[in-house]
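Worksheet: the structure to be examined is printed underneath.
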Amino acid sequence: MITLIRHLPIIGIVALLAVVGFYLIKAGNEGPEDSPPTDTVKDESFRLKNIHYIQENPDGGAKWILDADEVRFSEDRQYLSFNNFHLKLETENSFAIDLLGKNGSYDKTADEISLSGNLEGHTDNGYSIATDRIRYKQEKGHLNTDGPVEITGPFFSVTGKGLHVNLNTETIKVIHDTTTVIERGSLSL
């Protein structure tokens, strides 16, 4: 009995180590795939799937409607990014343009939307725009890109580099290196 009492502290330590070892092994089996990535948690507050978001402009100008497969918001909710989207811009004078693409982001502090990834745009008066990236400045009502662009209308097509669309005046300009093709019969000389 005296020998058992002398070894009681050692038995207690072994039992404590066994319990700690059990919990360490159990925690080790929950691999990194079970916990969210730290950079995602740090940079975003939450994410939503299949959203419909409307941004009204109380000062006038264009409102926009966003439908996207996924949207991620930053912690301060001043920045959001989205994937596989349909963005519709509508002005007070009823001009509208629909933009479809792969990726986009909205910076509330800059009041700016950046879009990229096989962008296709369609105006309500029959024009189509194709480019890889474009930036929308809500305050000015302008869409801009420096990259290659193609515009197709009812009777012509224009390719070039750089694009400026003014939603308020409903004007579209290709900046440089333009090539215009006019369909036969649409222009009488």
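Okay, here's what the table says:
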quantity	calculated
Ser81 vs. criteria small (Gly, Ala, Ser) and in contact with a helix residue (DSSP H, G or I) (Cβ under 7 Å, 6 or more places away or on another chain)	no
Count of the range 130-189 residues which are acidic (Asp, Glu) and assigned to a loop (DSSP other than H, G, I, E, B)	3
Test: residue in the range 113-120 that is part of a strand (DSSP E or B), modelled with pLDDT of 95 or more and more than 13 Å from the chain's Cα centre (by Cα)	yes
Single unsatisfied condition, Trp64 versus (1) in a strand (DSSP E or B); (2) free of Cβ contacts under 8 Å to residues at least 40 places away in the same chain; (3) not aliphatic (A, V, I, L, M)	(2)
Within the range 152-184, considering residues that are charged (D, E, K, R) and closer than 16 Å to Asp132 by Cβ, the one surrounded by the most Cβ atoms within 10 Å (Cβ to Cβ)	Lys161
Only one of Asn84, Asn93, Asn50, Asn29 that is over 26 Å from Gly117 (Cα atoms) and at pLDDT 70 or above	Asn93
Qualifying residue in the range 121-129 (condition: surrounded by 14 or more Cβ atoms within 10 Å (Cβ to Cβ) and under 16 Å from Phe46 (Cβ atoms))	no
Residue ID - nearest to Asp107 (Cα to Cα), chosen from residues in the range 126-175 that are touching a Ser or Thr at 6+ places or on another chain (Cβ under 9 Å) and among the hydroxyl-bearing types (Ser, Thr, Tyr)	Tyr136
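The values are calculated or read from the model by the stated rules, or taken from the named source; none is laboratory data. No experiment lies behind these values; they were computed from the predicted model shown. Methodologically, a virtual Cβ is constructed for each residue, glycine included, from the backbone with ideal geometry; neighbour enumeration extends over all protein chains shown.
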